[in-house]
């Protein structure tokens, strides 16, 4: 999948997908070998031998919640502010396809965002409206992430296993970000800054501020608030999956320490460098887990197990969704029966 959009829908570049899969395998192997040498392969073997495999069922259940949560958030992001209703099945296909593009194309997540943008355009949104909703959707999801991080960091002050260096930055940064967002989205500024007439920089500012104002309206609306509930399901699902993977290897850092380690390690995924989704976040999460007392061998095996359920198993359904949706586009079929208003 390439980030560009054509009249018949986005294009799929099979070679790039194959290269992405090969790169993911190589990066994963390098991660296991490199960290495995630090942990000691004998310790890894002993930890594997003592594993409790029934916990993998909970890993799978967590990932079901992940995709259900994001699909629900997507559906409500489309419907809020007089948008159309997207069928649950269509929203799941968009989310799984976007996931596959994000994971297999080393573009800092741009390919997945491009696919979601194309889906919004296919529904019927005008270019600027689709951009605003795309940014607003992701802002809403990561706002919930920030709230989870802040709450866990506050509770972690009571947990001696969590170092202050892992919790205090969240406690300081998150309120500052929310205060800045509140200032930018004040009514006296939104009207002035969302005027798109003023060049590319002004247009980009208009879209960004418009998306932030959209999120603020959603928070204050009974119609919009379910989006944030579904985003919470998304993050809790991934935490459940990672926690179950650690329990499979007889490690239980506790929900607060697990959350702080997870959110701190997840920040690596926001760095726009190639293959970060397949390697960097796994390495970072492995070491942040050791920061809260998980042995390195168990942390590595837990993260790799979590990655199997969070990365490899959904790839097939995601690619199938991408192909089927683009075929619908070539036949002139939209994602839903009616078009959204061009606002």
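The values are calculated or read from the model by the stated rules, or taken from the named source; none is laboratory data. As the structure is a prediction and not an experimental result, all values here were calculated from the model. As a convention, Cβ positions derive from the backbone with ideal geometry for all residues, glycine included, and neighbour counts pool all protein chains shown.
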Just name the residue that is nearest to residue 285 (Cα to Cα) out of those in the range 206-239 that are free of Cβ contacts under 8 Å to residues at least 40 places away in the same chain and not in a helix (DSSP H, G or I). 225
Looking at the range 189-203, can you tell me whether even one residue there is at pLDDT below 95 and within 17 Å of residue 142 (Cβ to Cβ)? no
How do the helices (runs of 4 or more DSSP H) wholly within the range 1-111 filter down when requiring 1 or more residues that are under 18 Å from residue 130 (Cα atoms) and modelled with pLDDT of 70 or more: which remain? 56-79, 88-104
Quick check on residue 130: is it within 18 Å of the chain's Cα centre (by Cα) and more than 22 Å from residue 266 (Cα to Cα)? no
